[in-house]
Amino acid sequence: MANSLTDLIRTQAQVRSFRTDPVDDNTVLGLLELASLGAAGRRRRCEFVVVRDPDVRHQLARMYRQGWSIYKRLLRRRSDSALVAARQWEADHFEDVPVLIVACAVGRRPVFPAVDAASFYGSVFPAVQNLLLAANDAGLGSSVTSLALWSSWEARRTLGLPRRVTPVAVVPIGWSRGHAAPAPGAPVGNLVHLDRYGHQPFRARPLDSGANMAL
């Protein structure tokens with residue numbers, strides 16, 4: 001990797017708008033080679049469907065818009081207008097993304113117990129994270145969505161997936177239309193609980209009145 005892992009993590013951004021410039025096969029295969037290392041050695045494996053065909057992309061885009069028509073109502077309630085606008089652009093142009101990569105879990109999909117379900121999906125998400133970081137290192141934009149898999153049955157039919165292969169996430173990859181900055185996060189201390197949930201000794205404390213006056 002040309003950049004340090006720390007730099008890649010800190011600059012990772014969810015890119016929702018892409019140029020239509022193509023991404024060549026060698027680049028895609030290089031990204032997927034790194035992605036596959038995230039699932040190496042696991043009992044269940046992760047496999048990828050690389051979607052370039054316009055008809056298949058159109059079907060996935062149609063499912064995306066079906067899911068988005070419901071999901072956007074939830075986002076609007078949170079008053080996150082920037083996120084809604086970005087996702088709306090993605091919904092309107094999803095079939096124009098040069099490459100869509102569908103990450104799939106291979107194996108019998110468990111129903112019970114919960115630990116088996118966690119293991120099943122756990123074979124995919126490390127690979128997806130590797131894919132995002134590898135794309136960032138290559139100067140490409142990427143994001144993760146499951147809206148294009150809104151109908152699991154239709155997604156299976158569109159992608160020709162056998163019963164033992166479950167689509168889990170779609171990663172659009174391409175050249176970003178502009179600069180995408182990482183979303184600001186909460187102070188890490190606000191996300192950390194020590195020993196038991198609710199015990200947050202590292203939580204950021206607001207400045208007291210005296211400190212505010214000094215500023």
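Of all residues being in contact with a helix residue (DSSP H, G or I) (Cβ under 8 Å, 6 or more places away or on another chain) and part of a loop (DSSP other than H, G, I, E, B) in region 14-33, which is farthest from residue 90 (Cα to Cα)? Just the residue, please.
The qualifying residue farthest from residue 90 (Cα to Cα) is 20.
Quickly run through region 1-40 and pick out the residues that are among the β-branched types (Val, Ile, Thr) and more than 16 Å from the chain's Cα centre (by Cα).
Residues satisfying the conditions are 6, 20, 23, 27, 28.
Taking only region 36-67 into account, find how many residues are among the acidic types (Asp, Glu) and either modelled with pLDDT under 95 or not in a helix (DSSP H, G or I) (or both). Full working, then the answer.
Taking region 36-67 and keeping what is among the acidic types (Asp, Glu), we get 47, 53, 55.
Imposing the further condition that a residue be either modelled with pLDDT under 95 or not in a helix (DSSP H, G or I) (or both) reduces the set to 47, 53.
Of the residues in that region, 2 qualify.
Just to verify a result, which residue in region 68-83, among those that are surrounded by 13 or more Cβ atoms within 10 Å (Cβ to Cβ) and within 24 Å of residue 152 (Cα to Cα), is modelled with the highest pLDDT?
It comes out as 68.
Which of (1) of a type in the set (D, E, K, R); (2) closer than 22 Å to residue 52 by Cα; (3) not in a helix (DSSP H, G or I) does residue 154 not meet, given it meets every other one?
Of the numbered conditions (1) of a type in the set (D, E, K, R); (2) closer than 22 Å to residue 52 by Cα; (3) not in a helix (DSSP H, G or I), the odd one out for residue 154 is (3).
Within region 108-134, take every residue that is in a loop (DSSP other than H, G, I, E, B) and farther than 27 Å from residue 182 by Cβ and give me the one that is modelled with the highest pLDDT.
This residue is 108.
Would region 116-124 turn up any residue that is surrounded by 15 or more Cβ atoms within 10 Å (Cβ to Cβ) and touching a His at 6+ places or on another chain (Cβ under 8 Å)?
no
Has region 53-62 got any residue that is within 27 Å of residue 181 (Cα to Cα), assigned by TED's automatic domain parsing to the domain that holds residue 157, charged (D, E, K, R) and over 15 Å from the mean Cα position of the chain (by Cα)?
Checked against the condition, which is being within 27 Å of residue 181 (Cα to Cα), assigned by TED's automatic domain parsing to the domain that holds residue 157, charged (D, E, K, R) and over 15 Å from the mean Cα position of the chain (by Cα), region 53-62 yields at least one hit.
Can you find, within region 194-215, the residue that is modelled with the lowest pLDDT among those that are among the aliphatic types (A, V, I, L, M) and part of a loop (DSSP other than H, G, I, E, B)? Before the answer, list the steps.
Of the residues in region 194-215, the ones among the aliphatic types (A, V, I, L, M) are 194, 204, 207, 211, 213-215.
From what's left, part of a loop (DSSP other than H, G, I, E, B): 194, 204, 207, 215.
Working: 194: 96, 204: 84, 207: 46, 215: 31.
Filtering first and then ranking leaves 215.
Only residues that are among the small types (Gly, Ala, Ser) and touching a strand residue (DSSP E or B) at 6+ places or on another chain (Cβ under 7 Å): list them for region 118-146, please.
123, 127, 135, 141, 142, 143, 146
Here's a check for you: in region 1-38, which residue that is within 19 Å of residue 124 (Cβ to Cβ) and among the aliphatic types (A, V, I, L, M) is surrounded by the most Cβ atoms within 10 Å (Cβ to Cβ)?
Among residues in region 1-38 that are within 19 Å of residue 124 (Cβ to Cβ) and among the aliphatic types (A, V, I, L, M), the one surrounded by the most Cβ atoms within 10 Å (Cβ to Cβ) is 31.
The values are calculated or read from the model by the stated rules, or taken from the named source; none is laboratory data. Predicted model, so just to flag it, every value in this text is computed and none were measured. Neighbour counts are summed over all protein chains in view; Cβ atoms, including those assigned to glycine, are modelled from backbone coordinates with ideal geometry.
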